[in-house]
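Report on the following structure.
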Amino acid sequence: MVLQISDKTQASVQFDPYLYRKDFPILETIVHGKPLVYFDNAATTQKPEAVIQTIVDYYQGMNANVHRAIHYLGETATMAFEEARQKVARFINAPSARQIVFTRGTTEAINLVATAWGEKFISAGDEIILSEMEHHSNLIPWQILAQKVGAKLRFIPFTSEGVLDFEAFEKILSNKTRIISLTYMSNVFGTINPIKRIIRMAKDRGIPVLLDGAQSVPHLPTDVQALDCDFLAFSGHKMLGPTGIGVLYAKINHLENMNPYQGGGEMIQSVWLERATWNEIPYKFEAGTPNIAGAIALGAAVDYLSAVGMKNITLYEQELTTYALKKLAELDELVIYGNAPERGGVISFNLGEVHPHDLSHFLDQQGIAVRAGHHCAQPIMRKLDIAATTRASFYFYNTFEEIDYFVEQLKEAITFFNP
Ligand code: PMP
């Protein structure tokens, strides 16, 4: 089905997921005799041929270490690596590629800030604001920091709709707050948080804001200058890129003022036996040999996403999610967690008392890949008083037909489990 999507600012767009699916060889997989329906995109996305080929091309034609060798391969690899940094910078509208630090992923990017920025600028009695809906990646690094320096963590609660409680946020914001670190889009509820409003309030008080963009950057157009965030962390593998590569974007003054995160080669300028001086940004934060192939392939992923159009992706996924939610609402046995007015394509649910592992096993037998578990967000599960959920999460290569099939199979599951 070719979907006509229209929004207020753009003429109607033809969006044909089948056209893009041809670029993803893995989507042709047959699972237990059934065509694969891949609904685990919040965990990781599939890779188009262009990204896979970029990795092969790198190792076949330009493999060398970067920034060091004065030889053809070394210079070719360095140019491709730095070009990828430029592409990522343009993709999120960063003012300069110097503000793009390559990391292993969102997790490492947040740990970098909590350690290198946090240990320098947060001390005993200071407060760090997070929310109750954070992924462990945006919780544990701050717990470690708080324990080390004697700071206090404060949490914005979420409501029964899976939406941040803004009034509660206003109450915990104080002159003790040193940083606010929040997920832009929840990996459990799909909620798109009111980040702009939060950043505006933080700016009025001179408080920096870190955004966990692991779920937002792959699905929404991102403009760090318009957002005015201080830090943005995201992962390549959730946006068509390979695993083991991610990004920390930060404002120049933070990068200049922060301590290095790890020590080693590449991050230094001059080294003596007793001391050293640091390389310029972003290299000050990239100790050791980086994931060169990964970064270049992330550049290819960004090219692919830009060609599809981030706005088109957002609009199409909105249509897909609205359709899925409408059909799922017809199944009385299903409890859906989260009902935010602004949301992305992540749907968490339970089928009565059926254990999510049993349900996901059942769906797997029908070729459907969903996630079952706590989704690295145990505090959310605790607050909802459940052990786990089943989670379906979409990307632009998913189709309305797949959703119809998924709903049909859920009906079969209801008959089978009789919850
Ligand atoms: N934050 C959120 C909201 C996520 O969904 C994830 C991945 N599930 C992460 C952080 C961590 O990303 P990574 O494992 O790629 O570092």
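Start at zero, step by 10 Å, and the Cα-Cα distances of the stretch 272-369 spread as 11, 24, 22, 21, 13, 7, 2 percent across the bins. One quarter of the surface of the convex hull around the alpha-carbon atoms of the chain equals 21.8 nm², the direction-averaged projected area.
Would you mind getting me the FRET efficiency between Thr289 and Asn253? Use the beta-carbon distance for r and R0 = 22 Å, nearest 0.05. That pair, Thr289 with Asn253, gives E of 0.20.
Heavy-atom accessible surface of Asp23, to the nearest 10 Å², is about 50 Å², with a 1.4 Å probe and all protein chains retained. Across Leu331, Leu232, Leu298, mean-square fluctuation computed from a Gaussian network of the chain (C-alpha pairs under 10 Å connected) peaks at Leu331. Near the amide H of Met267, within less than 5 Å, lie the amide hydrogens of Gly288, all on another chain or at least 5 residues away, with H placed in the peptide plane. For Pro218, the shell of other residues with beta-carbons less than 12 Å away shows a net charge of 0, using +1 for Lys and Arg and -1 for Asp and Glu. The apolar share of the surface of the chain, taken as the fraction of accessible area on carbon and sulfur atoms (1.4 Å probe, ligands and nucleic acids excluded), comes to 51 percent.
With springs only between Cα atoms under 10 Å, which of Ala77, Ala109, Ala69 fluctuates most in a Gaussian network model of the chain? Comparing Ala77, Ala109, Ala69 in the GNM, the peak value goes to Ala69. Taking each DSSP H run with n ≥ 4 as -39500 (n - 2.57) and averaging over every residue of the chain yields -11500 deg cm²/dmol at 222 nm. Taken over the Cα atoms of the stretch 44-163, the convex hull encloses 164 Å³ per residue. Taking Leu363, Leu164, Leu384 in turn, the Gaussian network model of the chain (Cα-Cα springs below 10 Å) assigns the largest fluctuation to Leu384.
Treating each Cα of the stretch 189-331 as an identical point scatterer and summing with the Debye formula, the log10 of I(q)/I(0) at q = 0.14 Å⁻¹ comes to -0.84. Cross-link check: pairs Lys203/Lys251; Lys171/Lys311; Lys238/Lys284 evaluated at a Cα-Cα cut-off of 23 Å; pairs beyond the cut-off: Lys171/Lys311; Lys238/Lys284. Heavy atoms of the protein chains alone define the surface here; on that basis the stretch 223-272 has 35 Å² accessible area per residue at 1.4 Å probe size. The trypsin sites (Lys or Arg not before Pro) of the stretch 263-347 meeting both criteria, a DSSP state outside H, G, I, E and B (loop) and at most 14 other C-beta atoms within 10 angstrom of the site's C-beta, are Arg275. What angle do you read, to the nearest 10 degrees and between 0 and 90, between the alpha-carbon axis of helix 356-365 and the longest principal axis of the chain? Around 70 degrees separate the two axes.
The values are calculated or read from the model by the stated rules, or taken from the named source; none is laboratory data. Just so we're clear, the structure is a prediction, and the values are computed from it rather than from any experiment. Here the Cβ is made from the backbone with ideal geometry for all residues, glycine too, and neighbour counts use every protein chain on show. The accessibility values were calculated without ligands, DNA or RNA, using every heavy atom of the protein model including side chains. Shrake-Rupley method; radii C 1.70, N 1.55, O 1.52, S 1.80 Å.
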